[in-house]
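Report on one structure; see the data block that follows.
Please treat every number below as a calculation from the coordinates, not as lab data. Everything numeric here is computed off the predicted structure, so don't read it as measured data. Cβ: placed from backbone, ideal geometry, glycine included. Neighbour counts: every protein chain shown.
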Amino acid sequence: MPNNNQPVSREISKNTNRKEILLGARRAIIECGFANTTISNIIERTTLSRGMINLHFHSKDALLLEVVKDFHAEYVGFFTPIYDGEYDNIADKIRAIFAMEFDPRIMNEANVKLWFALRAEAHAHPDFLPFVNSRDLIIRKNFIKICDDLNKDGKYNNNDIRYIANALICLLEGMWSDYHLNYNNFNRDHAVKVCILTISAFFPKYFNNNQGGL
């Protein structure tokens with residue numbers, strides 16, 4: 001009697017193996033450095049064979065590009081429910097974004113090491129750039145929209161909200177650099193407060209002490 005579940009099982013196994021390879025490659029980059037990452041030391045960090053890696057990715061370059069894409073998708077995935085979610089007010093949405101930015105699931109020693117290692121290769125590997133860019137289109141588009149909503153709802157007269165969005169993105173970039181260099185004594189709560197203090201300069205109606213902004 002044919003087993004109708006067999007194709008589903010194979011697909012699950014394929015996805016599981018692929019994920020294990022990507023995680024092994026991440027660990028290899030973090031522990032060995034990008035330049036010293038080889039298929040051999042990726043294999044050492046998985047339970048799979050070289051043939052399985054070749055089956056899924058065909059080459060080391062293809063595998064490393066998928067690492068970058070997967071890491072970017074994971075990062076954006078944390079924020080998508082916030083970007084798409086309904087909030088009582090716009091300010092709560094930006095607070096949720098700042099809190100998520102410093103969440104240990106995203107900002108941790110391994111992730112930040114990987115992020116900077118991949119960014120360091122962006123010019124040597126231009127196909128990495130869309131996924132490690134400080135001008136990430138998804139993030140920038142959402143920050144511009146939120147700033148525009150705050151501007152219109154609060155009846156502010158900020159001339160170009162793109163500058164405000166860029167300032168906030170640059171602030172977050174700086175926070176990641178600070179964590180990278182000082183992860184042992186980085187204070188996540190203080191980081192969120194710095195972000196709220198900064199945005200309150202542009203939209204004080206939404207971010208003041210009486211409303212629990214700081």
Open item on the list: Could you check the range 128-152 and list, in sequence order, the residues that are among the aromatic types (Phe, Trp, Tyr) and either in a loop (DSSP other than H, G, I, E, B) or over 17 Å from Glu74 (Cβ atoms) (or both)?
Closed with: Phe143
Task: Restricting the range 35-61 to residues that are surrounded by 12 or more Cβ atoms within 10 Å (Cβ to Cβ) and of a type in the set (A, V, I, L, M, F, W, C), the residue that is nearest to Glu20 (Cα to Cα) - done: Leu48
Open item on the list: Could you check the range 191-207 and list, in sequence order, the residues that are assigned to a loop (DSSP other than H, G, I, E, B), surrounded by fewer than 18 Cβ atoms within 10 Å (Cβ to Cβ) and touching a residue at least 12 places away in the same chain (Cβ under 8 Å)?
Closed with: Lys205
Open item on the list: Which pairs turn up if I take residues in the range 168-190 that are within 20 Å of Phe202 (Cα to Cα) and look for partners that are among the acidic types (Asp, Glu) and outside any helix (DSSP H, G or I) with beta carbon separation below 9 Å, at least 6 apart in sequence or on another chain?
Closed with: Ile169/Asp136
Open item on the list: Here is a check on your reading of the model: is Ile138 touching a residue at least 60 places away in the same chain (Cβ under 8 Å) and surrounded by fewer than 18 Cβ atoms within 10 Å (Cβ to Cβ)?
Closed with: yes
